[in-house]
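Peer 1: Dropping the structure in here first, questions after.
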Amino acid sequence: MLKASAATRVAVLELALLVVFAVLPAALQEFRVVFVTRVMILALLALSFDLVWGFAGIMSFGQALFFGAAGYTVALLARDAGITSIFVVLPAALGVGLVLAFVVAAFLLLGRHPPSLTFVALGTLTGSYAADRLARGWYYLGGQNGIPSIPPMTAGPLQITEGLAYYYLALAVLVATYAACRFLVRSQLGLALAGVRINEARMAFFGYRVQSLKAIVFSVAGAIGGLAGGLYAFHEGFVWPNMLGVILSTQIVLYALFGGVGTLIGAVVGVVAIEIVSFVLADAYPTIWPIILGLLLLLVILFRPGGLISVLVPRRERIAVLGLARLGPPSAQAEAVDGAA
Amino acid sequence: MSETSHVTRRRFLQSTAWMSGAIAPGAGSWVVPPAWGQSGNPIKVGIATDLTGAIGYAGNANANIAKLLTKEINAKGGVIGRPIELLIEDTASNESTAVANVRKLIQRDKVDVVFGGITSSMRNAIKDVIVTRGKTLYIYPQLYEGKECTPYIFCTGPTPAQQCDEFIPWLIKNGGKRFALPSANYVWPHVLNQYARKVIESSGGEVIFEEYYPLDQVEYSATVNKIMTNKVDVVFNTVIPPGVGPFFKQLYEAGFQKRGGRLSCVYYDENTLNINAPHEIEGLASCLDYFKVVTKEDAPSGRIQAEYDKQFPGNIAFAAGSAATGMYRGLKLWEAAVNEAKSVNRDPVAKALDHAKISEGPGGPAEMVPGKRHCKMRMYTAVAKGGTYELVARSKGLVDPKEC
């Protein structure tokens, strides 16, 4: 009973957010439309982190690596090859994220011995940091200055510039990606991932190739991060080394933790909440707003470790709801899940 | 497994919560409205500068001088009969935050002109939002490596030519022929050194070595050793804080100045002078468009400096290395251009700004070089003596920026 209603609550929230995003531009000035576009692109990035940490239990402290690498790739395509077509640049961004994430996963996850949580966290962090330093020192990539003046994205003869067009492009990509992630985590693969997260050794004894499962999810999340990076580069009109770095990587983690991990929608809620609160605070208290924001985040994380979403979905329920919803009455699984969570 | 993962997660949350404040994105903004209310149609001037973050001291000096000038202009009745409304946004030393905040100026407030940006990476990040997408005029006030030739961007700080053409011959005469170019590894030192090397070689000097170090390197004993063993006469430094303090200290302790070496650094102004103890950088030479000591020989500079010190006492100095002088020059040149164009629209103002002149400013008069969007100005060479600067050379008239 409880579980069904938790699933319903999540579904209602998802639908409500979708409707709000769809009609929002009608109520906003152009400037705010651009702001929300940026928030949606960052939500895509937070989604990729939730997928690896919330569902597969891989602590990726380097999601910005895929975001930034894809951003640089499309910036170079636009600058040096004159390619700005959406049908080339977005698949390219996605591909760069996917391949790079697979390489990182092969290195960190697919070794002879299963890696520890700390090893993966530090490994991804190092990757992100190294890429940041590389970009700062490489003049082909503009060094510290990054690559400015990226021309607008095009679709045939049309230019997709910031504003309404880009807003709905970002929304479409976010919704499609969200739907794909939702399908993924509720599929058999998602169920196996929940198992891996909760008891990796047992899953291995069951015969699952645990590390391969993790590598798959990590690569998919990298692809999503890349997609976000491609969108971000054209939206902001420039790329710079911080897009690859540790600060952004940490920021992504905070977005997801603030909203609540392991629900997908929590990551989106986290980005929306943090960005809107900082936007409002920055206007109201120009000199001390970062301190207020910091305290607010601290309070949420101390008193609601499950993030904002835990108001709707108690921590112990989320695995069952989002992993086993399609497998009939939950009574049989309830005990096992409660024990595990 | 389940237990440990639970604990790890919670511990992780608790241990990382503190970071949220430190890295939270975004920044503050405020508006300085014109002092009187009857005129309903003020000219909106946007300032985008680093009020917070690593170079906050420089950004605040920029904002201060803009406030001072706005007050002054409005007290005289504004520009073309309209008061100026100043809108200040923080670029927070963070390019992503900066783009979001500059969009506020362009898209929400619809400002008529934007001044600001200090680092080149900041200029690169925001210029598109302002000029290409925003169709607004942009004036960049900082000394920089040159080569910014985008239409509608006007630069009012010194270029490599202005900082090297007269300075390097002076260094050769007052230091020696053997130069070392220790540098931080980013764009400005690379491009500046390219130009400096040309001037050094054409003036009869030679470059013993040109090396680039990570921006956060603070250990320079290998570099100091190289300088001492190769009998370098002049260190033309572009290492920046935080590395520059330890570097100068180590160089002093190795006895570089004692055996007659000349230290030089073209971004050194009154702010950076305090990084080291005075005796460690005794004799350091710098070349800028303004030093506080200029006030003794140029009355208008003295008036500006006195007014600034009166309105903004404290430790945010009005100095050339932090773009504050470029900001002053930019605002006054823009005011002159608007007065000539009788409009604040981009094209007529840009056309008038192309040949705008001011007869007074920090360091003296200044004028735009037609078609170049860079600014001719006087340049001064100063040497650090006991914690202040002493002027040792000044340009004859205005120095050409030689850009675009």
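The values are calculated or read from the model by the stated rules, or taken from the named source; none is laboratory data. A quick note: this is a predicted structure, and the numbers were derived from the prediction, not measured. Note that each Cβ is placed from the backbone with ideal geometry, even for glycine, and that neighbours are counted across all protein chains shown.
Peer 1: In region A:16-39, which residues are more than 14 Å from chain B (Cβ to nearest Cβ) and either within 30 Å of A:A101 (Cβ to Cβ) or touching a residue at least 12 places away in the same chain (Cβ under 8 Å) (or both)?
Peer 2: A:L17, A:L18, A:F21, A:A22, A:L24, listed by residue number.
Peer 1: Being away from every other protein chain (no Cβ under 12 Å), in contact (Cβ under 8 Å) with a residue 24 or more places away in the chain and surrounded by 15 or more Cβ atoms within 10 Å (Cβ to Cβ): is that true of A:G146 here?
Peer 2: So A:G146 does not fit the description; no.
Peer 1: Just for region A:103-124: of the residues that are away from every other protein chain (no Cβ under 12 Å) and in contact with a Phe, Trp or Tyr (Cβ under 8 Å, 6 or more places away or on another chain), which one is surrounded by the fewest Cβ atoms within 10 Å (Cβ to Cβ)?
Peer 2: Among those residues, the one meeting the criterion is A:L122.
Peer 1: Could you please give the count of residues in region A:261-293 that are more than 11 Å from chain B (Cβ to nearest Cβ) and part of a loop (DSSP other than H, G, I, E, B)?
Peer 2: Residues meeting the conditions: 2.
Peer 1: Same structure again: Does B:K385 meet the test of being over 19 Å from B:T136 (Cβ atoms) and surrounded by fewer than 20 Cβ atoms within 10 Å (Cβ to Cβ)?
Peer 2: When the stated conditions are applied, B:K385 passes them.
Peer 1: Let me ask another. Those residues that are under 26 Å from A:R186 (Cα atoms), surrounded by fewer than 18 Cβ atoms within 10 Å (Cβ to Cβ) and of a type in the set (K, R), I need them from region A:1-52; list them, please.
Peer 2: A:R9
Peer 1: Of everything in region B:106-135, what is more than 11 Å from chain A (Cβ to nearest Cβ) and aliphatic (A, V, I, L, M)? Give them in sequence order. Please lay out each step first, then the result.
Peer 2: Going through region B:106-135, the residues more than 11 Å from chain A (Cβ to nearest Cβ) turn out to be B:111-118, B:135.
Result: B:V111, B:V113, B:V114, B:I118.
Peer 1: Here are some residues: A:A22, A:A6, A:A81, A:A101. Which one is in contact with a helix residue (DSSP H, G or I) (Cβ under 8 Å, 6 or more places away or on another chain) and closer than 28 Å to B:R133 by Cβ?
Peer 2: When all the criteria are applied, what remains is A:A22.
Peer 1: Also: Read through the list (1) more than 27 Å from B:L215 (Cβ to Cβ); (2) touching a Pro at 6+ places or on another chain (Cβ under 8 Å); (3) not small (G, A, S), then give the number of the only condition that A:I83 fails.
Peer 2: (2)
Peer 1: Do we find that B:E89 is surrounded by fewer than 23 Cβ atoms within 10 Å (Cβ to Cβ), under 21 Å from B:K332 (Cα atoms) and acidic (D, E) in this structure?
Peer 2: No, not satisfied.
Peer 1: Restrict the check to region B:358-370 and report whether at least one residue is in contact with a Gly (Cβ under 6 Å, 6 or more places away or on another chain), surrounded by 18 or more Cβ atoms within 10 Å (Cβ to Cβ), outside the structural domain of B:C265 (by TED's automatic domain parsing) and part of a loop (DSSP other than H, G, I, E, B).
Peer 2: Just the residues of region B:358-370 that are in contact with a Gly (Cβ under 6 Å, 6 or more places away or on another chain), to begin with: none.
For region B:358-370, residues in contact with a Gly (Cβ under 6 Å, 6 or more places away or on another chain), surrounded by 18 or more Cβ atoms within 10 Å (Cβ to Cβ), outside the structural domain of B:C265 (by TED's automatic domain parsing) and part of a loop (DSSP other than H, G, I, E, B): absent.
Peer 1: With respect to the numbered conditions (1) of a type in the set (V, I, T); (2) within 14 Å of chain A (Cβ to nearest Cβ); (3) at positive phi, which one is the sole condition not fulfilled by B:I80?
Peer 2: Unmet condition: (2).
Peer 1: Sticking with this structure for a sec: Residue under question is B:V131, and the condition is that it be without any contact (Cβ under 8 Å) to a residue 24 or more places away in the chain and in the same structural domain as B:T325 (by TED's automatic domain parsing); does it hold?
Peer 2: Numbers: without any contact (Cβ under 8 Å) to a residue 24 or more places away in the chain: yes; in the same structural domain as B:T325 (by TED's automatic domain parsing): yes.
Considered against the rule, which asks whether it is without any contact (Cβ under 8 Å) to a residue 24 or more places away in the chain and in the same structural domain as B:T325 (by TED's automatic domain parsing), B:V131 comes out as yes.
Peer 1: Read through the list (1) of a type in the set (V, I, T); (2) over 23 Å from A:L98 (Cα atoms); (3) under 12 Å from the mean Cα position of the chain (by Cα), then give the number of the only condition that A:V261 fails.
Peer 2: Condition (2) is where A:V261 drops out.
Peer 1: A follow-up question, please. Considering only residues that are assigned to a helix (DSSP H, G or I) and within 9 Å of chain B (Cβ to nearest Cβ), which ones fall in region A:301-311?
Peer 2: Correct list: A:I301, A:L302.
Peer 1: Still on this structure: When region A:53-77 is examined, which residues are found to be surrounded by 23 or more Cβ atoms within 10 Å (Cβ to Cβ) and over 30 Å from A:P114 (Cβ atoms)?
Peer 2: A:G71, A:Y72, A:V74, A:A75
Peer 1: Still on this structure, I have one more. Filter region A:285-301 down to the residues that are surrounded by fewer than 18 Cβ atoms within 10 Å (Cβ to Cβ) and at pLDDT 80 or above, then identify the one that is nearest to B:T52 (Cα to Cα).
Peer 2: A:I291
Peer 1: Another one. So which of A:A223, A:A256 ends up being within 22 Å of A:G123 (Cβ to Cβ), within 13 Å of another protein chain (Cβ to nearest Cβ) and of a type in the set (A, V, I, L, M, F, W, C)?
Peer 2: A:A256
Peer 1: Next question. Has region B:214-230 got any residue that is closer than 29 Å to A:A135 by Cβ, within 14 Å of another protein chain (Cβ to nearest Cβ) and surrounded by 17 or more Cβ atoms within 10 Å (Cβ to Cβ)?
Peer 2: So in region B:214-230, the residues closer than 29 Å to A:A135 by Cβ come out as B:214-223, B:226.
Applying the additional criterion that residues be within 14 Å of another protein chain (Cβ to nearest Cβ) yields B:214-217.
When the remaining residues are screened for being surrounded by 17 or more Cβ atoms within 10 Å (Cβ to Cβ), the result is B:215.
The answer is yes, given that some residue of region B:214-230 is closer than 29 Å to A:A135 by Cβ, within 14 Å of another protein chain (Cβ to nearest Cβ) and surrounded by 17 or more Cβ atoms within 10 Å (Cβ to Cβ).
Peer 1: Could you list, in sequence order, all residues of region B:371-392 that are of a type in the set (A, V, I, L, M, F, W, C) and assigned to a loop (DSSP other than H, G, I, E, B)? Give the steps one after another, and end with the answer.
Peer 2: Of region B:371-392, the ones of a type in the set (A, V, I, L, M, F, W, C) are B:375, B:377, B:379, B:382-384, B:391-392.
Within region B:371-392, B:M379 is the sole residue that qualifies.
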